[in-house]
C-alpha cells in the first residue's frame, strides 16, 4: 500500500492552482524582485502539502503507527531544501505535527522549533533522536511540555550539535551534564529562563579529567535558577574555564570580571568545595600560565578544532577533588586540585598564598593583572559600576548590555567615562537607564559614531529632550530601539523642524515605544517637537524595513502626510520603499494616510493600527478590500 496518494481530483487541483497564482503574485510584489526557481517550487510544494501528503499521513498513519523512518518524497530531498521548506511552512504558519513527522529526515542539519513550542512533545523528541542524529543546530526554546529526562534522552543522541537553545524549558543540571558529555563540538548554548537550572549547574561545562570542555564561544544563561547564591563565583569560574568564550549573557557578569581582576577569591571557597572543584586561585593561575593566543582574541572559533589537535586534547582538564583523593599525590604534579584528604597534598590556603606570591613575583599580584585578558566580544548582564573592571579584563568588546541604576546627576558622565575604553570600536549598546535621556548624550558622544545598534530602556523624556542630538551622535545606526516614559508636562509650541536635520542612511529597524495609560482613549501630545526628529528619520533612512511607533506623544498624521506629499527629502533616496512591517499603535493616523502608505510601498506585509482612534471599523474593512483587490499579501490589525 503506498504511503502517499499521488493523484488529486481535477477540481481540487484547479482550486489549488488558482490559490497559488494569487499568493505567488503577492509574494513577487513583496520581494520586489523575481524569486528563484527553487523558491517557487518550495512555495508550490508548501501549498500542496496540507491537502495532499500531510492530510493523507494524518488521516491514515500518524496516530496508528510509529515509523522509525517515513519513506516518501521528502527523504529524497537534500537537507538544504528540507530546511528551506520548513522555513517556508513556518513563515506561512502552516507547520503542523504531521508536516514535522514527514520532514524529520536523517540528512537534516538544522531544526528550529522555537516558534512552535506547542508541537514539541516527548514523542516528537523521540522521533528527533531516532531520525535526526546528524543535527548541527537545534532550537527547542519555550518547549515546556518536555521534561528534563526527555531532554537528556534526546541530547544523548545528538553528538554533532554545534548550536543548542533550550531557553525557557525545564532544563536542569542533569541536562547540562549530558550536553557536556555527549556534545563535544558545541559552540553555542542558550539556557536562559531555565528556572530549574542554578548557576552552579553550568560548572560541569568546564570539562573533567577524562574529557575536555566543549569549545563554547557563546553562552547565554540569563534569568536561571530561583535566586540561588554563588552566581558571581560561578560566572567567574566559567570565564576562566572556557577559554573560547566570545559571547556571554549572565547575571553578575560585571561583578565576576571585577572578582577576577581584583583576585578576591577567598569568598568563593564554599562554592568550589561544595562542587568538588579546584579553587579559583588554581584555575586563574592555570589559565594565565597557559599563555594561549586565544586569550588575546586573535583566534576565531573556526580554529578550535585545529588548536585542540595541536594540544592533544589536554586543554583544561581539571579533576574534581573526589577524583584527586583516589589518585593520591600523583595529582600534585598537575597543580589543579589535589585531594584534601591526602596528607602529602598541600592545603588550599597554602596554594592560594603561593599563588599570590607567584603573582607578585610576576608583577601581576593584587588588583593589577596586566597582560591577562579575556577574549569576550559581546557581554550582557553588567551594571554601570563594573565597567572599569570589565574594561581592563575585556578590551575587545564590541557589544555591551548594561543595567544602570539612577545615581544622581553625574550618572551619565560616569557612564561615559566607563565606556570610553571602547570608544570607536563599540558596535552595539543596550542600556537600561531610569534617568533622563539627556544624561545619556555624553556616553553616546563618547562612542565617536561607531554604534550600529542602540537600545535604551526605561529612560524619561521631557518636552525639550534633544532627540536630534542623539541622532547626530549615532550616524551609523542600523537599529534604534527606545522604550521611554513620555513627557509629563505638555509642550505648547512645536519647534522648527527644518533646521539642520541629521539622517540615518543605514537605519533598517526603528522602534519608539512609550508607556501609556490604557484607560485613556487618545495619546497625550506632550512632545510635539518629536515630529521633526521622526520626519528626519523616516525621510532620511531609505533602508528602513521595520518601524514601530507605539503611543508616540506627537501627532503622526502631519508627519506621514508630509512624507506622502513630498516623497523624498533627498530625491535620490525615496522614503519607505523597503518598509515591510509598520506599527502605528495608539496614533492619530487616518484611513487616508494608511491607504496612502499601502499605495506607495508595495513591499508592506504587516500594518498594525490597533488603538488608532481616527480609523473606524468601516475604514478597516475598506483597507482590507483594497488589499484584496490589488492582490496584496498584507496583514492589517485593528481594534
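Length available on full extension from residue 508 to residue 602: 0.36 nm per residue minus the Cα-Cα distance, which gives 32.1 nm. In a fully extended conformation the segment linking residue 546 and residue 639 would gain 31.4 nm over its present Cα-Cα distance, using 0.36 nm per residue.
The distance separating the Cα centre of region 427-471 from that of region 230-269 comes to 29 Å. Packing-based ranking of 193-204, 89-100, 503-514 yields 193-204, 503-514, 89-100, ordered from highest to lowest mean Cβ neighbour count within 10 Å.
With r defined as the distance between the Cβ atoms of residue 212 and residue 109 and R0 fixed at 25 Å, what FRET efficiency is calculated, to the nearest 0.05? Intermediate values should be presented prior to the final figure.
Details: r = 24 Å, r/R0 = 0.96.
E(calc), rounded to 0.05, equals 0.55.
Going 7 Å from the Cα of residue 91 along its beta-carbon direction, which residues of region 605-637 have the amide nitrogen within less than 17 Å of the resulting point? Residues 605-607, 632-635 qualify, since their backbone N sits under 17 Å from the label point. Each of 373, 639 has some number of other Cβ atoms within 10 Å of its Cβ, and from fewest to most they run 639, 373. Start at zero, step by 10 Å, and the Cα-Cα distances of region 423-491 spread as 21, 56, 20, 3 percent across the bins. Between residue 185 and residue 577, the contour length at 0.36 nm per residue exceeds the alpha carbon distance by 136.8 nm.
Sorted from fewest to most neighbouring beta carbons within 10 Å, what does the list 50, 565 look like? Before the final figure, lay out the partial values.
Working: 50 17, 565 8.
Listed from fewest to most nearby Cβ atoms, that is 565, 50.
Cβ-Cβ distance of residue 37 and residue 80, R₀ of 22 Å, FRET efficiency by 1/(1 + (r/R0)^6): the value works out to about 0.95. Computed on region 524-563, the Cα convex hull volume stands at 59 Å³ per residue.
Taking R0 as 51 Å, what's the FRET efficiency between residue 133 and residue 464 from their Cβ-Cβ distance, rounded to 0.05? So, using R0 = 51 Å, E works out to roughly 0.25. Placing pseudo-labels 7 Å out from each Cα toward the beta carbon at residue 621 and residue 472 gives an inter-label distance of 5.1 nm.
None of the figures in this text is laboratory data; all of them are computed from the coordinates on show. What you are looking at is a predicted structure, and each value in this text was computed from that prediction instead of being measured. In this analysis, Cβ positions are derived from the backbone assuming ideal geometry, glycine residues included, and neighbour counts consider all displayed protein chains.
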